[in-house]
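Since every read-out is calculated from the coordinates, none of them should be taken as a lab result. These numbers come from a predicted model, not from an experiment. Note that each Cβ is placed from the backbone with ideal geometry, even for glycine, and that neighbours are counted across all protein chains shown.
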Amino acid sequence: MQQWHLESRNVYTQNEKSCIQSLELVAVSAHYVLLLRESPVLLLKLPGISHKCNHSMSEFSQVYNVQLEKPIWARHSINEKVFDNMPHYPNDMTPKVRGIAGQLLLFKAVQQFIAPSFHKACAESVRLFKAIQHTSNSTEKIRILLDRNDVRALMQGSTFQVTRCKPVVPQAIFSDYKYNNICYTRIPILIQNQLKFMDNDGYLHEHAMGHPCVQVSMDKIERTLQPE
């Protein structure tokens, strides 16, 4: 069972140029952080501490970093003054015991508040896991994981090399797949006087298979097709 508590925290992600910070209401357990958004995001705590964005923070999955308190329920005593509408306690209950009872009430309320978001986030994590397993394409895996369409990925050993795509304006597009009398398996294009190759999805490649183009006259085709 997860024992959740709530914190309001700056959540950090880092891109190529800067740190992106957002103030979030987060649910925290020993191993997870749940970003309580309209579509909640479940993050797994990773080992170690990161030193990014000028802060020492815990690292989480999906490239998130958060500075958190350790689980608070076992080590914090909640004063009875946190209640404006005091629960009905026995008259002989001491303030300290009332604080413990109030803590138990708040603990139960927090768990009930977070449970639906946790279950929703778990279901989404399972859906993503199945989608990632379903494809063998490295780029598709990373796009599903990051929920971004502007990246490409190559598998190198046990890690992914991820690059961000950027739009380019070609000087020329040879839509007949032919350039300098060489026919290619991808569309040749010129960018800054350099030859590149475009696939069917519009992404560029440095190389493509090619062979000399062979022109066949219509007469030869017709003779070939005639029955003997």
Revision key, fill the gap. Helix 95-134 sits off the longest principal axis of the Cα atoms of the chain, rounded to the nearest 10 on a 0 to 90 degree scale, by 10
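Please arrange Ile187, Ile100 by counting, for each residue, the other beta carbons lying within 10 Å of its beta carbon, fewest first. Mind showing how you got there, number by number?
Values: Ile187 21, Ile100 14.
Fewest to most other Cβ atoms nearby, the residues stand as Ile100, Ile187.
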**Study point:** Lysine pairs in the chain with Cα atoms under 27 Å, if 8 or more residues apart or on separate chains
**Key:** 29
Review point. Can you give the net charge of the other residues whose Cβ lies under 14 Å from the Cβ of His207, counting K and R as +1 and D and E as -1?
Key: 0
Study note, to complete from the structure: For the chain, cysteines with no other Cys Cβ under 4.7 Å from their own Cβ are listed as Cys122, Cys165
Review point. What list of ³J(HN,Hα) values in whole Hz, one per residue of the range 144-152 in order, does the Karplus curve 6.51 cos²θ - 1.76 cosθ + 1.60 (θ = phi - 60°) give from phi, with Gly and Pro shown as x?
Key: 5, 5, 8, 6, 9, 9, 9, 10, 10
Practice item. Please turn the phi angles of the range 188-204 into ³J(HN,Hα) values with the Karplus equation 6.51 cos²θ - 1.76 cosθ + 1.60 (θ = phi - 60°), one per residue in order, whole Hz, x for glycine and proline. Key: x, 9, 10, 10, 6, 6, 10, 7, 10, 9, 10, 8, 5, 8, x, 9, 8
Review point. Where Rh denotes the Kirkwood radius from the mean inverse Cα pair distance, what is Rg over Rh for the chain?
Key: 1.26
Review point. Long-range amide H contacts for Thr185: which residues qualify at under 5 Å (H placed 1.01 Å from N, peptide plane, sequence gap of 5 or more or a different chain)?
Key: Met209
Review point. Do you know the relative contact order of the range 107-214, to the nearest whole percent, from alpha carbon pairs under 8 angstrom that are 6+ apart?
Key: 13
Review point. Fewest to most neighbouring Cβ within 10 Å: what's the order for Lys130, Lys120?
Key: Lys130, Lys120
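Order these by the 10 Å Cβ neighbour count, fewest first: Glu206, Glu140.
Working: Glu206 8, Glu140 14.
Ordered from fewest to most neighbouring Cβ atoms within 10 Å, Glu206, Glu140 come out as Glu206, Glu140.
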